[in-house]
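See below for the structure under consideration.
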Amino acid sequence: MSSTLFTDAMALTPAGDGVYDGVLNEHWTIGPKVHGGAMLALCANAARTEHGGGVEPIAISGNFLWAPDPGPMRVVTTVRKRGRRVSLIDVELNQGDRTAVRAAVTLGDPEHHVPPLLSVNPVIPLMQPEPPPGLEPIGPGHRMADIVHLAHGCDIRPSLTTMEPRADGGPPVIEYWVRPKGTPPDVLFALLCGDVSAPVTFGVNRFGWAPTVQLTAYLRARPADGWLRVLCTTVQIGQDWFDEDHIVVDCEGHIVVQSRQLAMVPGA
């Protein structure tokens with residue numbers, strides 16, 4: 001049985017020439033397949049490691065080509081620009097002879113805890129810094145436990161009532177509280193949380209696998225130690241394609257990650 005710690009799941013071993021070996025961890029999966037946010041976090045970690053020098057992945061744009069199974073994988077990095085403030089590294093996450101994810105990772109120094117010139121933060125009025133009393137974590141007996149295996153490595157508490165179709169016919173607004181087990185949340189975990197929600201298609205009674213095709217995430221700040229609040233929304237759910245946005249806010253009220261993805265609507 002492999003480790004459930006997020007930091008262990010992100011471990012990479014240099015293999016030379018910008019190549020890193022690692023393992024797609026069985027605990028960081030949705031159903032049988034590796035979680036897309038975990039794979040993006042691995043790509044971001046490879047880029048950060050290859051660059052060195054105290055930078056962080058301030059933006060990452062990933063295309064998902066294939067859904068790999070847990071097991072050995074290899075990450076290949078290509079430095080496109082190494083600048084004074086902004087660098088760019090391309091990353092391929094491969095398993096066997098197939099590429100699962102191609103990502104472009106922009107590296108720099110995220111803003112520290114200084115007041116923004118302007119901030120429109122929809123999470124603060126909707127979600128308190130900690131989960132409300134009685135909100136059940138995903139675990140044994142929870143209706144999502146057989147699918148969301150991430151719960152082995154993080155305390156994840158979804159508000160199930162926000163996943164249901166709204167009586168007024170309005171768009172779904174899904175709420176989560178998440179933190180890793182055994183370690184404070186870091187930049188990589190915050191990026192993973194930019195893809196942590198169940199599909200917004202739950203709000204129109206479309207369930208099942210909703211494969212992500214493309215996801216772009218921005219790291220706005222390093223997270224403080226505590227719960228991360230995740231608000232998931234959508235602009236449009238089409239017949240074939242839908243968009244899904246995440247805003248991740250730390251316990252101090254700072255926006256740490258914003259993400260948007262394009263995914264496929266599950267069949268009726």
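Taking the stretch 5-48 on its own, how many of its residues are out of contact with any strand residue (DSSP E or B) (no Cβ under 7 Å at 6 or more places or on another chain) and among the hydroxyl-bearing types (Ser, Thr, Tyr)?
Kept after step one, since they are out of contact with any strand residue (DSSP E or B) (no Cβ under 7 Å at 6 or more places or on another chain), are these residues of the stretch 5-48: 5, 7-10, 16-17, 25-27, 29, 31-33, 37-38, 41, 45.
Retained after the next criterion (residues that are among the hydroxyl-bearing types (Ser, Thr, Tyr)): 7, 29.
Of the residues in the stretch 5-48, 2 are out of contact with any strand residue (DSSP E or B) (no Cβ under 7 Å at 6 or more places or on another chain) and among the hydroxyl-bearing types (Ser, Thr, Tyr).
Within the stretch 26-39, track down each residue that is under 15 Å from the mean Cα position of the chain (by Cα) and either open to solvent by less than 10 Å² (accessible area, probe 1.4 Å) or closer than 19 Å to Gly139 by Cα (or both). Working first, answer last.
Step one: list which residues in the stretch 26-39 are under 15 Å from the mean Cα position of the chain (by Cα), which gives 27-30, 33-39.
Within the stretch 26-39, His27, Trp28, Thr29, Ile30, Lys33, Val34, His35, Gly37, Ala38, Met39 qualify.
Which one of these is in a strand (DSSP E or B) and among the charged types (D, E, K, R): Asp155, Asp146, Asp195, Asp168? Even if it seems obvious, please write down each step before you answer.
Values: Asp146 fails: in a strand (DSSP E or B); Asp195 fails: in a strand (DSSP E or B); Asp168 fails: in a strand (DSSP E or B).
Every option except Asp155 fails the conditions.
Considering the stretch 27-57 alone, what residues qualify as being closer than 16 Å to Ala190 by Cα and outside any helix (DSSP H, G or I)?
Within the stretch 27-57, Trp28, His35, Val55, Glu56, Pro57 qualify.
Can you tell me which residue within the stretch 156-202, out of those that are aromatic (Phe, Trp, Tyr) and more than 16 Å from Leu126 (Cβ to Cβ), is modelled with the highest pLDDT?
Keep residues of the stretch 156-202 that are aromatic (Phe, Trp, Tyr), which gives 176-177, 189, 202.
Restricting the remaining residues to those that are more than 16 Å from Leu126 (Cβ to Cβ) gives 189, 202.
On the way: Phe189: 98, Phe202: 94.
By that ranking, first place goes to Phe189.
Residues of the stretch 85-106 being within 19 Å of the chain's Cα centre (by Cα), small (Gly, Ala, Ser) and either crowded, with 21+ Cβ neighbours inside 10 Å or farther than 20 Å from Val187 by Cα (or both), which ones?
Within the stretch 85-106, Ala100, Ala103 meet the criteria.
Out of the stretch 233-260, which residues are of a type in the set (D, E, K, R), touching a strand residue (DSSP E or B) at 6+ places or on another chain (Cβ under 8 Å), surrounded by fewer than 20 Cβ atoms within 10 Å (Cβ to Cβ) and in a loop (DSSP other than H, G, I, E, B)?
From the stretch 233-260, those of a type in the set (D, E, K, R) are 240, 243-245, 250, 252, 260; that's our starting set.
Now drop any that are not touching a strand residue (DSSP E or B) at 6+ places or on another chain (Cβ under 8 Å), which leaves 240, 243-245, 250, 260.
Add one more test, that the residue is surrounded by fewer than 20 Cβ atoms within 10 Å (Cβ to Cβ), and what stays is 240, 243, 245, 260.
Residue satisfying the conditions is Asp240 alone.
Give the number of residues within the stretch 162-209 that are out of contact with any strand residue (DSSP E or B) (no Cβ under 9 Å at 6 or more places or on another chain) and hydroxyl-bearing (Ser, Thr, Tyr). Write out each step before concluding.
The initial filter retains those residues of the stretch 162-209 that are out of contact with any strand residue (DSSP E or B) (no Cβ under 9 Å at 6 or more places or on another chain), namely 164-170, 182-184, 205, 207-208.
After this cut, where a residue has to be hydroxyl-bearing (Ser, Thr, Tyr) as well, the list is 183.
The qualifying residues number 1.
The values are calculated or read from the model by the stated rules, or taken from the named source; none is laboratory data. Fair warning: this is a prediction, and the values are worked out from it, not measured in the lab. Heads up, the Cβs are rebuilt from the backbone with ideal geometry, glycines too, and the neighbour counts pull from every protein chain shown. Each accessible area value is taken on the protein alone, full model and side chains, heavy atoms only, with ligands, DNA and RNA left out. Shrake-Rupley method; radii C 1.70, N 1.55, O 1.52, S 1.80 Å.
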